[in-house]
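The values are calculated or read from the model by the stated rules, or taken from the named source; none is laboratory data. This one's a predicted model, so the numbers in the text were calculated from it and none came from an experiment. FYI the Cβ positions are ideal-geometry reconstructions off the backbone, even for glycines, and counts take in every protein chain you see.
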Amino acid sequence: MMDLKDFVAVSIDQIFEGIKTAREKHRAVAPPTRYAAEKSSEPRGPGNSPLDKIDFDIAVTTTEATTDKIAGGIKVLNIFGVGLDASKGQELQNSTVSRIKFSVPVVF
């Protein structure tokens, strides 16, 4: 599992790197443009450029174990693989899976 803050940071970084790579191959991808000053109630970015947004819809899990330690923080649920613990013995865990939806404003 990955911390939520790390997941968001890595995701945004990879999105921008992907756009940069695609832009180098194809000029039509997120082309830089000039925006005239407009009277608009919509929020604007630097240079009066319109804001886009990256939407996140994430499944997160919190886990509490009955042993001496408690797993803290919010983790992003790994849907692509299964994590295994090689330690012996028994451990009871309570897990709660929730969904978090939010948007991050960006200027491409």
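Within the range 16-44, the set of residues being modelled with pLDDT under 70 and either closer than 27 Å to I100 by Cα or of a type in the set (D, E, K, R) (or both) comprises R34, E38, K39, E42, P43, R44.
Listed by first and then second residue, the pairs with beta-carbon distance under 9 Å, at least 6 apart or on different chains, first residue in the range 91-106 and within 30 Å of E17 (Cβ to Cβ), second among the basic types (K, R) and modelled with pLDDT of 85 or more, are S103/K53; V104/K53; P105/K53; V106/K53. Taking D6 and the conditions (1) surrounded by 11 or more Cβ atoms within 10 Å (Cβ to Cβ); (2) of a type outside the set (V, I, T); (3) modelled with pLDDT under 80, which numbered condition does it fall short on, given that it satisfies the others? Going through the list (1) surrounded by 11 or more Cβ atoms within 10 Å (Cβ to Cβ); (2) of a type outside the set (V, I, T); (3) modelled with pLDDT under 80, D6 breaks only (3).
Scanning the range 60-99 for residues that are surrounded by 13 or more Cβ atoms within 10 Å (Cβ to Cβ) and at pLDDT 75 or above returns V60, T61, T62, T63, E64, A65.
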